[in-house]
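Working notes for the structure below.
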Amino acid sequence: MFIKGISGEEGEVVAVHGNKAAVKIKANKSCKKCHLCKRISSTEMIVDAFTERPVSKGERVVIAVRPGTIVKSAVILYILPLIGLIIGYYFGKFISAFFHIRVKGELFPACIALIFLFLSFIPIHIYDRKKQNDSRFRVFITDNIPKNISNPD
C-alpha cells in the first residue's frame with residue numbers, strides 16, 4: 001500500500017526494462033543523500049522504479065517508496081543512535097562508579113556515550129548493505145497520470 005502525497009513524485013518514463021522503468025523526475029532538495037536517484041542535471045534526476053503493470057516510454061507516472069519503508073528507515077536512522085547515546089551514558093556512569101574513575105563532572109560518561117553513538121552506526125551500515133537488494137526497499141510506480149491533466153515539463 002502506498003500513501004499518495006506523502007512519498008509520491010510525478011515523473012516521466014524514459015526507458016522500460018522488464019518490470020523496471022527509468023523515470024525522470026524533477027530534482028528535489030529533500031533527497032540529496034538517499035542515492036535512490038541518479039542526477040542527470042541540476043534540475044532533473046533518474047530513478048529506477050519497479051512496476052507491477054506495463055508502462056511505456058513517455059508515460060507520466062507517480063513513483064513512491066512504501067510508507068512502511070519510510071517509517072522503518074526513520075526509526076533505524078534516528079532512534080538507534082539515540083538509544084546508543086543513552087545506553088553509552090549510563091554504561092559510562094556504571095563503569096566510572098565500578099572502577100572508581102575520577103573525572104571532573106560528567107566527562108567520562110559523556111565520552112562513552114559518544115563512542116556508543118558512533119558505534120551505533122555500524123549495525124545501521126550492515127542493515128543498509130543487507131537491504132540494498134530487497135525489493136521491499138525500492139521505489140515503485142504507484143499510479144499513472146493522464147496526459148491531458150498533467151503539466152508537461
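The values are calculated or read from the model by the stated rules, or taken from the named source; none is laboratory data. Only a predicted model underlies this, so the values are computations on that prediction, with no experimental measurement involved. FYI the Cβ positions are ideal-geometry reconstructions off the backbone, even for glycines, and counts take in every protein chain you see.
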Across segment 71-86, what is the number of residues that are surrounded by 14 or more Cβ atoms within 10 Å (Cβ to Cβ) and in contact with a Ser or Thr (Cβ under 9 Å, 6 or more places away or on another chain)? 4
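This table checks each residue for (1) closer than 20 Å to K131 by Cβ; (2) modelled with pLDDT of 85 or more; (3) surrounded by 11 or more Cβ atoms within 10 Å (Cβ to Cβ); (4) outside the structural domain of I126 (by TED's automatic domain parsing).
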residue: K20; (1), (2), (3), (4): yes, yes, yes, yes
residue: V23; (1), (2), (3), (4): no, yes, yes, yes
residue: S30; (1), (2), (3), (4): no, no, no, yes
residue: R39; (1), (2), (3), (4): no, no, yes, yes
residue: I46; (1), (2), (3), (4): no, yes, yes, yes
residue: V55; (1), (2), (3), (4): no, yes, yes, yes
residue: V61; (1), (2), (3), (4): no, yes, yes, yes
Flag for F50 being among the aromatic types (F, W, Y), in contact (Cβ under 8 Å) with a residue 40 or more places away in the chain, in the same structural domain as A21 (by TED's automatic domain parsing) and surrounded by 12 or more Cβ atoms within 10 Å (Cβ to Cβ): yes
Quick one: how many residues across segment 103-120 are crowded, with 17+ Cβ neighbours inside 10 Å and over 13 Å from Y89 (Cα atoms)? 1
Determine if segment 87-94 includes at least one residue that is of a type outside the set (K, R), out of contact with any helix residue (DSSP H, G or I) (no Cβ under 7 Å at 6 or more places or on another chain) and outside the structural domain of I25 (by TED's automatic domain parsing). yes
Which of the following residues is within 21 Å of the chain's Cα centre (by Cα) and more than 30 Å from I145 (Cβ to Cβ): V75, V103, V71, V62? V75
